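The values are calculated or read from the model by the stated rules, or taken from the named source; none is laboratory data. Predicted model only: the values in this text are computed from it and were never measured. Cβ placement follows ideal geometry from the backbone for every residue including glycine, while neighbour counts extend to all protein chains displayed.
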Amino acid sequence: MSEYRNTYFRALTQAANLMAGSGPLAFYGWAGLNQHNEATQAGRAIHLLYSLSGCYDAPGGNVFFTKPPVRNAMGSELLPPSQASKALGLAERPLGPAEKGWITEADMYRAIIDKKPYPVRGLLSFGSNLMATRAEPKRGQEALRKLEFYAHADFFPSVMSRDADILLPVAMPWERNGLQAGFLINQAAESLVQLRTPVVAPLGKARSDADIVFDLASRLGLNDQFFDGDPEAAMRYVLEPTGLTSEALRDAPEGVKLPLDTHYFKYREHGFDTPSRRIEFYSESLKHFGQPPLPDFQQPVLSAEFPLLITCAKLTDRCHSQHQQAERPRRKQRLPAVHLHPSSAGDRGIAEGDAIIVRSLHGTMLGRARLDASLDTKVLWADYGWWQEVLCEASEMAANYTSLSGPECDPVSGSALLRGICCQVEKALLPLRDSPLLVTNQLTS
């Protein structure tokens, strides 16, 4: 333990010296931080540390570039406060996403299955795949099957749509309009407004998400809140503050750049979006709701039963769970890869390419071993986005990383624990390699 502690502090010292002696600094964080049951406090700690560098919203640092002044047509203001207060999860986590009207899958499942805090009886879903990308896929499937009515809109039939009462075909991106105001990378990219127009007409009865929503609103008698049922009118409303029109954007398929300038250190004028308008190392808001006011992090507890940690990563040739159905030249892999250190594999009699089973407290995952000496001996990572079920000698296993997840979540945001799950791995003593017993469903979303 002392050797590990010394290595840990040496790494901290090197990181501190690197940050102090370099500049300007920038940092990037995404799903690796957010998909964790310590997401809020870990994210706070990193942001607070970064604030000490003086590089926030500074040249070369993390800058919030000026965005095109488009209108938000989401319509949140149309929801009465009395209805907004019923957002699932708001009572348990008043500082979480439910404050803005967003809910977690766990809260939705509870409302459907347990009818708490009230029953959810119907669902209209656009393109999601809860079974492959969210925690507790079996509970998610149970929830979908308990709905009184469930409609799903998607490009293809999928594991998500197989329990739907209605599957609505959605037009592909090249068959419908797509408006993008700002492209994130730098000020030049953020200044670009582009309207992608259809290349071909939609096949069959496929329609865009917008057309489906506007037609549904019309049938519900809500045309007055949906621009009289005209998506073009909605686009004009969104674009009006920019001075652009949809006609002008159609005449310039490469997009139109607005004359926008970068303004640094905006907080010096406006402050921060906190009660004190300052950076709050000590949060009274968190303290008020029973959470640690200073950043705190609880390390995962490894055990003899589950001595390893597993995380996941997205493959570059896929988007979440999409493209799993696509044929690839010389493609042989039919199980998701699970990467682990050679010594960890050797201790368990696992060789490169072996079929392996990863077990957690909540489920199992079937994968294919890939050895990587750059990993920590206690860490594994697996391909993300698979959901197929593998049948072998009357047994069934999920080739799905999320099957390892459980109900653990961040107490502030409700983020599910999908990164850093305690687990164990073993060689799969099953006839899987090039075996006709391996069956994968090729329908995916």
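Scanning region 224-243 for residues that are within 17 Å of L179 (Cα to Cα) and of a type in the set (D, E, K, R), we see that the one that is surrounded by the most Cβ atoms within 10 Å (Cβ to Cβ) is R236. In region 74-85 there is no residue matching the filter, namely being within 25 Å of the chain's Cα centre (by Cα), at pLDDT below 95, within 22 Å of R278 (Cα to Cα) and not small (G, A, S).
Quick grid of which residues meet (1) assigned to a helix (DSSP H, G or I); (2) in contact (Cβ under 8 Å) with a residue 24 or more places away in the chain:
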site: A135; (1), (2): no, yes
site: K138; (1), (2): yes, yes
site: A210; (1), (2): yes, yes
site: G221; (1), (2): no, no
site: Y237; (1), (2): yes, yes
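If you take just the strands (runs of 3 or more DSSP E) that sit entirely in region 296-388, which of them hold at least 3 residues that are on the phi < 0 side of the Ramachandran plot, at pLDDT below 95 and within 24 Å of the chain's Cα centre (by Cα)? Steps first, answer last, please.
Working: elements: 308-313, 337-340, 355-359, 364-371, 379-383.
In region 296-388, 364-371 are the strands (runs of 3 or more DSSP E) which contain 3 or more residues that are on the phi < 0 side of the Ramachandran plot, at pLDDT below 95 and within 24 Å of the chain's Cα centre (by Cα).
Restricting attention to region 246-260, the residues being aliphatic (A, V, I, L, M) and either touching a Lys or Arg at 6+ places or on another chain (Cβ under 8 Å) or modelled with pLDDT under 95 (or both) number 1. Summed over region 63-97, residues that are touching a residue at least 12 places away in the same chain (Cβ under 8 Å), surrounded by 11 or more Cβ atoms within 10 Å (Cβ to Cβ) and more than 15 Å from T40 (Cβ to Cβ) total 16. When we screen E269, E280 for residues that are loosely packed, with under 11 Cβ neighbours inside 10 Å, among the charged types (D, E, K, R) and outside the structural domain of L417 (by TED's automatic domain parsing), the only hit is E269.
Scanning region 248-279 for residues that are in contact (Cβ under 8 Å) with a residue 12 or more places away in the chain and in contact with a strand residue (DSSP E or B) (Cβ under 9 Å, 6 or more places away or on another chain) yields L249, R250, P253, E254, G255, V256, K257, L258. Filtering P407, P411 for residues that are surrounded by fewer than 18 Cβ atoms within 10 Å (Cβ to Cβ), under 30 Å from L286 (Cα atoms) and at pLDDT 90 or above leaves a single hit, P407. On the given criteria, is E142 acidic (D, E) and either touching a residue at least 60 places away in the same chain (Cβ under 8 Å) or buried (at least 17 other Cβ atoms within 10 Å of the Cβ) (or both)? Considered against the rule, which asks whether it is acidic (D, E) and either touching a residue at least 60 places away in the same chain (Cβ under 8 Å) or buried (at least 17 other Cβ atoms within 10 Å of the Cβ) (or both), E142 comes out as no.
Within region 47-61, how many residues turn out to be touching a helix residue (DSSP H, G or I) at 6+ places or on another chain (Cβ under 7 Å) and surrounded by fewer than 18 Cβ atoms within 10 Å (Cβ to Cβ)? So the answer is 1. Against the numbered list (1) more than 27 Å from D296 (Cα to Cα); (2) surrounded by fewer than 18 Cβ atoms within 10 Å (Cβ to Cβ), K100 comes up short only at (1).
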